[in-house]
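**Q** Here's a structure for you.
The values are calculated or read from the model by the stated rules, or taken from the named source; none is laboratory data. These numbers were taken from a predicted model, which means no experiment stands behind them. Note that we place each Cβ from the backbone using ideal geometry, even for glycine, and neighbour counts take in every protein chain shown.
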Amino acid sequence: MACDSWTEQLDTYLDGELPTAEARAVDEHLRGCPSCAAQALRRVEQKRAVHAAGQRFTPDPAFRARIQKTIAAPKPTLWSQRWLPVFVTANAGVLLIASAFLLTLQHNRRGEQQLISELVDQHVAILASANPVDVVSTDRHTVKPWFAGKIPFTFNLPELQSSPFVLVGGRVSYLSQSPGAELIFRVRQHQISVFIFQDQGARSTELARTTLSFQVRTWRHNGLQYFVIGDASPQDLDNLSELIKAAG
Amino acid sequence: MPLFDRLYNFAQWLTQDRHEAEDLVQETYVKALKGFRSFQQGTNFRAWIYQILRNTFLTSRTGLKSTATVPLEPESDQEHLPASDDTPETILLQRSDQELVQQALSRLAVPYREVLLLCEFEEMSYQEISATLAIPMGTVMSRLSRARRALRDAVQDCSKRNKVT
């Protein structure tokens, strides 16, 4: 039992993570203690075994080529090298306008992607949280008034009695420093987050897409923007979106 | 492409599926390229890109399932673990063949499998593992200790099963 304090340090020692003075002390003990030395040897063998077993999977050459192609910067073609200067000179004005338009479009699209990623992150955090909601209720007449005074707008919640959806509760959420409502619904074993924020104008009007395997629906109505996010089926998200639209 | 083979190997260990591993690696590179500005020069590039891969995995369907369904023993920072109770049976590990260890590793819970691979195969320091997994150093140590013990048990178990079949 006297060796317990030494064996506790063995892994850290063998990983090379003990401070020099302590490592030296373990070193010295191992020289004089056959039991601990045998233990250390077994652990070294285990480390070696995992190291050897760790190399197991090799990427497919076709996959490697695909990734290289994906991340490689597109090279200018011969045509563009020869004619682009002429084209640019001749159409400088047109190009300037087109570039400005494309940049704005790209900027908006990137902003929209970031926005949705942020909301997907919030939804994932809810899935992992032990206390996902601040107001727990299946009654829309309890959940809706709870938000009064907490967010600068109000909204309508749908009647769910004849639908497969159950309202779990809600919490205050933030997007671009603006407070909004996050409502959690359940359908079978899936949770769906519905985010409602004040419409900031520049976002897309209506969208259905998949991000990191999560289904996303968004639309604008009456000065508010709605985002519905979850890993339920596309049909479920469409149905819930329709119910909320009908209530709004 | 930096670390491509190793990232792929790690991705398939996490997902246990070739197609999912390919999607995971592709998404990791796309995110790394997009977010390269967020990488601070002088800090650890390897830990940064592994962190992207792991975070991407955790938000995937398989990742969410793996972390939601695996009950780990409670672990705390700077926890004192009892001395390991190696028995002659566990010496089996040193003589076991590579396939058996791979089989045992596959059966470990993802948090144990990843910490073992980062330490033993990738040979990351505790500090790098702490940065990659976003957990304190004390937790790295206690999780590693539990993972090693779990691996020894899994090797024994796989060995017994293989003998029966």
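**Q** Which residue is surrounded by the fewest Cβ atoms within 10 Å (Cβ to Cβ), if the candidates are limited to the stretch B:117-158 and must be polar (S, T, N, Q) and under 24 Å from residue B:100 (Cβ atoms)?
**A** Kept after step one, since they are polar (S, T, N, Q), are these residues of the stretch B:117-158: B:125, B:127, B:130, B:132, B:139, B:142, B:145, B:156.
Now restrict to residues that are under 24 Å from residue B:100 (Cβ atoms): B:145, B:156.
Details: B:145: 20, B:156: 18.
Only one residue tops the list, namely B:156.
**Q** Can you tell me which condition residue A:169 does not meet? The list is (1) modelled with pLDDT of 80 or more; (2) of a type in the set (Gly, Ala, Ser); (3) touching a Ser or Thr at 6+ places or on another chain (Cβ under 8 Å); (4) more than 28 Å from residue B:65 (Cβ to Cβ), and all the others hold.
**A** Result: residue A:169 fails condition (4) only.
**Q** In addition: From A:124, A:120, A:166, A:172, which residue is farther than 18 Å from residue A:232 by Cβ and β-branched (Val, Ile, Thr)?
**A** A:172
**Q** Further question: Residues to consider are A:62, A:73, A:130; find the one that is within 38 Å of the chain's Cα centre (by Cα), at pLDDT 90 or above and loosely packed, with under 10 Cβ neighbours inside 10 Å.
**A** Working: A:73 fails: at pLDDT 90 or above; A:130 fails: at pLDDT 90 or above.
None of the other options fit; the residue is A:62.
**Q** Select from the stretch B:14-33 the residues that are without any contact (Cβ under 8 Å) to a residue 24 or more places away in the chain, surrounded by 16 or more Cβ atoms within 10 Å (Cβ to Cβ) and within 18 Å of the chain's Cα centre (by Cα) and write down the one among them that is farthest from the other protein chains (Cβ to nearest Cβ).
**A** B:21
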